[in-house]
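Beneath this line is the structure, given in structure tokens, with notes to follow.
We did not get these values from a lab; they are worked out from the coordinates using the rules stated. Keep in mind that this is a model prediction, so the values were computed, not measured. Counting neighbours? That spans all protein chains shown, and the Cβs are built from the backbone with ideal geometry, glycine included.
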Amino acid sequence: MSAPNNNPAGWILYDDACGICRRWVPFWENTLRARGFEIAPLQADWVRQKLPRNEAERLQDLRLLLADGKIISGADAYRYAMKRIGWAWPVYLLSVAPVGRQVFDWCYRKFARHRHRLSEACGLDNRIAK
């Protein structure tokens, strides 16, 4: 991990109990940090205080907590980040096109619902990292 940003634009909040999420979000940390974002698990104590939902609801989606307190969830969080990454613009544009939005949202939702099973199928541990 690189040094934390002292004034982040926001935090990408991921499910640390999901093997895929735990592997891939930190993989992109430097790219995200270069755009002003930090990463943190949804299970972190400070996140639980910021997102006062019950745990099942809080862990349902990837979240983006902006510095102004606004929360963006799910596919929209990916769109928000992709829009700020030059080489991800083609995927961003597809994700906001009328049919592309429907396909992107459907794919995100399918992945989100089945991420723990996919993690197990890929041999990735679904337990919270210590």
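Check which residues have an amide H placed less than 5 Å from I39's amide H, if you skip close sequence neighbours.
Those qualifying (amide H under 5 Å, at least 5 residues apart or on another chain) are I12.
Considering the chain, which cysteines have no disulfide-compatible partner, defined as another cysteine with its Cβ under 4.7 Å away?
When partners are defined as cysteine Cβ atoms under 4.7 Å apart, the chain leaves C107, C122 without one.
Take D15, D61, D45 and order them by how many other Cβ atoms sit within 10 Å, fewest up front. Mind dumping the intermediate values first?
Working: D15 25, D61 21, D45 7.
Going from least to most buried by this count: D45, D61, D15.
Only Cα pairs under 8 Å and at least 6 apart count here; give the relative contact order of the chain as a rounded whole percent.
On the way: 156 pairs, mean separation 39.5, N = 130.
Relative contact order for the chain comes out at 30 percent.
Over the Cα atoms of the range 28-89, what radius of gyration and what Dmax do you get, in Å?
For the range 28-89, the Cα-based Rg and Dmax read 12.1, 36 Å.
Which of Q49, W106, I71 sits farthest toward the positive end of the charge dipole of the chain, with +1 on the Cβ of Lys and Arg and -1 on the Cβ of Asp and Glu?
W106
Report, for the chain, the % of DSSP beta bridges that are antiparallel, rounded to 5. Before the final figure, lay out each step's value.
Values: 7 of 12 bridges.
Within the chain, antiparallel bridges account for around 60 percent of the total.
Where does each of K50, K70 land when they are ranked from fewest to most other beta-carbon atoms within 10 angstrom? Before the final figure, lay out each step's value.
Values: K50 16, K70 10.
Fewest-to-most ranking of K50, K70: K70, K50.
Return L32, L13 ranked ascending by Cβ neighbour count within 10 Å, so the fewest neighbours appear first. Each step should come with its number before you reach the end.
Details: L32 23, L13 27.
The fewest-first ordering by Cβ neighbours comes to L32, L13.
On average over all directions, what projected area in square nanometres does the chain have, based on the convex hull of its Cα atoms? Could the numbers behind the result be given before it?
Numbers: hull surface 33.1 nm².
Mean orientational projected area (the chain, Cα hull): 8.3 nm².
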